[in-house]
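Nothing in this text is a laboratory measurement; each read-out follows from the coordinates by a stated rule. Keep in mind the model is a prediction, meaning the values are calculated, not measured. Please note: Cβ atoms are built from the backbone with ideal geometry, for glycine as well, and neighbour counts cover all protein chains shown.
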Amino acid sequence: MTGGRAVRSIRIAVIGAAGRTGRCLIAAAATRGHEISALARHPDSIAGLPAVVNLVAGDGRDPAAVAQVIRGADAVVSAITGSNHRGTTQLTDVTRTVLAAMTATGVDRLIVTSAYPVIAHQPRLPMAVLHRVFRHAYTDAARMEELVAASRVAWTIARLNRLTNGPAIGSIITTPELIARPRAISRADVAETLVNLITDPSAERLALNISGT
Ligand SMILES: NC(=O)c1ccc[n+]([C@@H]2O[C@H](COP(=O)([O-])OP(=O)(O)OC[C@H]3O[C@@H](n4cnc5c(N)ncnc54)[C@H](OP(=O)(O)O)[C@@H]3O)[C@@H](O)[C@H]2O)c1
């Protein structure tokens, strides 16, 4: 229950569902009675989970696989990690495929995960190191963000800080502003946040920076 209102069960299509955040997302959604339609390149770790009512093995750049996972969903969450090879367009390509499938199937709500350093320069030294090390990945992520923000769907960009595998502790910053002291956050806390954002109309058409405290 939220504010005394029952939250209805929805079907969430998850791209990158067998990743570490994807698996936390499935767990967080399942505890609220939501169903998952899952796309994963290597789906073994999520096969047979009761919440996963539709499991598609495939790449997020494959239009047929993506349409198969999105059809009939109420919302899409893309939680894939791109590559850091020079010239990579993996995040952009997957996102373009997802947006086309959403348009074709009439699904309107999208959350994509991105990385906070894509837009952040403080604290200066760690951000400068991250920009240098992950420059190709961040270039792709920035283009992905542009693609999403220019789309007609009800989007939210969730820019995450450094992720850990710790438990959900519920101490989370979610803000469109820059964060003075960005901190690591667990994938479990991110998953709870993403599930909340799906049904929060005030989060639509916003890029939100998400950090631990
Ligand atoms: N790790 C961090 O500290 C950090 C910091 C800031 C932001 N983020 C962002 O947070 C999100 C989740 O990160 P994570 O570390 O939890 O993820 P992860 O464990 O690396 O999982 C990412 C998943 O994406 C899948 N994937 C990649 N390319 C794909 C494609 N073309 N088609 C289908 N699936 C594809 C991978 O599949 P395979 O297993 O088949 O490769 C993997 O299961 C990502 O967007 C990441 O960029 C992470």
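Side notes on the structure shown:
- In this rough spin-label picture, where each label sits 7 Å from Cα along the Cβ direction, the Ser171-Arg71 distance is 4.7 nm.
- Residue-span extension gain [Met127 to Ala64] - 0.36 nm each, minus C-alpha spacing: 18.9 nm
- Exposure proxy shown here: for Ser202, Ser83, the number of other Cβ atoms within 10 Å sets the order, fewest to most, as Ser202, Ser83.
- By the count of other C-beta atoms within 10 Å, a proxy for reagent exposure, Glu146, Glu192, Glu204 are ordered fewest to most as Glu146, Glu204, Glu192.
- Amide H to amide H, with H built 1.01 Å from N, Ser186 comes under 5 Å of Thr164, counting only residues 5 or more places away or on other chains.
- In terms of surrounding Cβ atoms within a 10 Å radius of their Cβ, Leu194, Leu130 rank from fewest to most as Leu130, Leu194.
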